[in-house]
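These notes concern the structure reproduced below.
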Amino acid sequence: MREYINDEERRKYEGEPPKPQPGGSPEGENGSDDSSGQSSLEFEVPKKMSVIEQFRISITQPKQLIGLSELSVGRFVRYTLFLGLLIEFMLYVIPVAATIIHVGGFRNLFENNTPEFSMRDGKLTAEEPFTIGLGTYEIVVNTKEARVPKDSLGTVPLTFAIGSERIQVIVTENGLQQVLLDQNLSGYFPDGFNKEMLISAIPGFYIALVLTGLLMMAATLVKYLLAALLYMLIANPIARNSGLYLNKGNVFRLCFYAQTIGMLLVNVNKATGGYIPGMIVSMVGIFITLRYIFKTFAPYMRYGTDE
C-alpha cells in the first residue's frame, strides 16, 4: 500500500481534485476570481520525476496531466527526447539492425548480393536493377531510366530511388508519396564510382545510418510538437473555463503529454507492418488525446456562475 506524505499528495495520486486552500475557493466567496488573480488550486508535483514516471502517468492517469505540465522545461524536453528515441527504436533501429544481421553485414551484402555498377560521364549503369532493404527503408537502383518512376516503388516510409541520372528521396505515409529531394546523381557520386569504391565506403554507411535515424527522430518530434499546438486551440478555452489559470506553456506541455497513447498506437502499427489502415489508427489516436484533455480538466470545470 502506498504511503503518502500528506493529504494533498494522496489526492494527487488517487485522481481527486486538489483541496481548496484555507481562506478561499477557486472563485472566492462570491463566485469571482480572488484578488491575487491566481487560482487557489495547487498541485504538489515532485521536483524530480523520471521520464519513466512521466510516461506511466501520461498513459494511466489523465487527471494528473496538469501536474505533469507544472514540471520544469528541462524535464519536459527530456520526456520528448525519450519518446522520440522510443519511436525511432521501434521504427528504425530494430528493423535496420535486424536487416544488417540478416544479410551478414554491409560487406557481405555489397560483395555477394549487389550487381556490378559504375558511374561514367555523370550517368550510372548497373548490370540489373536491385534493391537494398533496411527494415522500413529502401535503396532502389534502376538505371534503365534517368529517374526511377514513383509508381514502381513500394510503400515503405523512406525510399532512396537512384536512376541513371537522378537521385530521389521519397517519403510515403498513408499511401501518399512526397518527394523530399530530386537532384542530379553526379553531385553525389564522382565519375569512376563503382562497386569496389562502395565497399571501401562501408564505415560511412554506418555513420549515415546514425545521422538518418537522428534526422527522422527530429522530424517525428517536430510533427508531434506541432500537433500539440493544434490541440491547444481546443485546450486553451477549456483551461480558461476551469479556473486553474494555466499559462500557455503549461497547456502546450499538457497537450503533448496527452498525445502519448496516440503516438504509441500509430507507431506500433507502422512498426508491425501497418496491418490497420493508418488513417483509422490516427483517428483513434486523436480521439484518445482529446478524451484525455477533457478528463484532465473535468474535475475543475465551471459550468455556470452564481448570480
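Structure above, values below:
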read-out: Any hit, segment 245-253, residues being touching a Lys or Arg at 6+ places or on another chain (Cβ under 9 Å), of a type outside the set (Lys, Arg) and surrounded by 14 or more Cβ atoms within 10 Å (Cβ to Cβ); value: yes
read-out: Unique residue being touching a residue at least 40 places away in the same chain (Cβ under 8 Å), buried (at least 17 other Cβ atoms within 10 Å of the Cβ) and either touching a Lys or Arg at 6+ places or on another chain (Cβ under 9 Å) or acidic (Asp, Glu) (or both) when the list is 134, 65; value: 65
read-out: Test for residue 179: is it closer than 23 Å to residue 274 by Cα, surrounded by fewer than 17 Cβ atoms within 10 Å (Cβ to Cβ) and modelled with pLDDT of 90 or more; value: no
read-out: Residues (in contact with a Cys (Cβ under 9 Å, 6 or more places away or on another chain), closer than 20 Å to residue 264 by Cβ and either open to solvent by 30 Å² or more (accessible area, probe 1.4 Å) or in contact (Cβ under 8 Å) with a residue 40 or more places away in the chain (or both)) located in segment 217-241; value: 230, 231
read-out: Unique match (being at pLDDT 85 or above, more than 21 Å from residue 220 (Cα to Cα), open to solvent by 40 Å² or more (accessible area, probe 1.4 Å) and of a type outside the set (Phe, Trp, Tyr)) among 72, 32; value: 72
read-out: Complete set of residues in segment 254-268 that are open to solvent by 40 Å² or more (accessible area, probe 1.4 Å) and touching a residue at least 24 places away in the same chain (Cβ under 8 Å); value: 268
read-out: Residue that is nearest to the chain's Cα centre (by Cα) [pool: residues in segment 55-88 that are over 19 Å from residue 297 (Cα atoms) and either of a type in the set (Gly, Ala, Ser) or in a loop (DSSP other than H, G, I, E, B) (or both)]; value: 84
read-out: Residues of segment 269-300 satisfying the condition of being under 23 Å from residue 217 (Cβ atoms) and either loosely packed, with under 14 Cβ neighbours inside 10 Å or of a type in the set (Gly, Ala, Ser) (or both); value: 271, 272, 273, 274, 278, 282, 285
read-out: Filtered residues of segment 160-175 (kept if open to solvent by less than 10 Å² (accessible area, probe 1.4 Å) and among the aliphatic types (A, V, I, L, M)); value: 161, 170
read-out: Qualifying residue in segment 174-183 (condition: assigned to a strand (DSSP E or B), out of contact with any helix residue (DSSP H, G or I) (no Cβ under 9 Å at 6 or more places or on another chain), without any contact (Cβ under 8 Å) to a residue 40 or more places away in the chain and of a type in the set (Asp, Glu)); value: yes
read-out: Residue in segment 149-167 that is nearest to residue 274 (Cα to Cα), counting only those that are in contact with a helix residue (DSSP H, G or I) (Cβ under 8 Å, 6 or more places away or on another chain) and part of a strand (DSSP E or B); value: 158
read-out: Residue check, residue 218 more than 17 Å from residue 64 (Cα to Cα) and among the aliphatic types (A, V, I, L, M); value: yes
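For every residue, the table says whether it meets (1) aromatic (Phe, Trp, Tyr); (2) open to solvent by 30 Å² or more (accessible area, probe 1.4 Å); (3) over 23 Å from residue 179 (Cβ atoms); (4) touching a residue at least 40 places away in the same chain (Cβ under 8 Å).
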residue	(1), (2), (3), (4)
76	yes, no, yes, yes
113	no, yes, yes, no
123	no, yes, no, yes
142	no, yes, no, no
148	no, no, no, no
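The values are calculated or read from the model by the stated rules, or taken from the named source; none is laboratory data. In this text the structure is predicted, and so the values were computed from the model without any measurement. Note that we place each Cβ from the backbone using ideal geometry, even for glycine, and neighbour counts take in every protein chain shown. When the accessible area is computed, the model is the full protein with side chains, heavy atoms only, and any ligands, DNA or RNA have been set aside. Shrake-Rupley method; radii C 1.70, N 1.55, O 1.52, S 1.80 Å.
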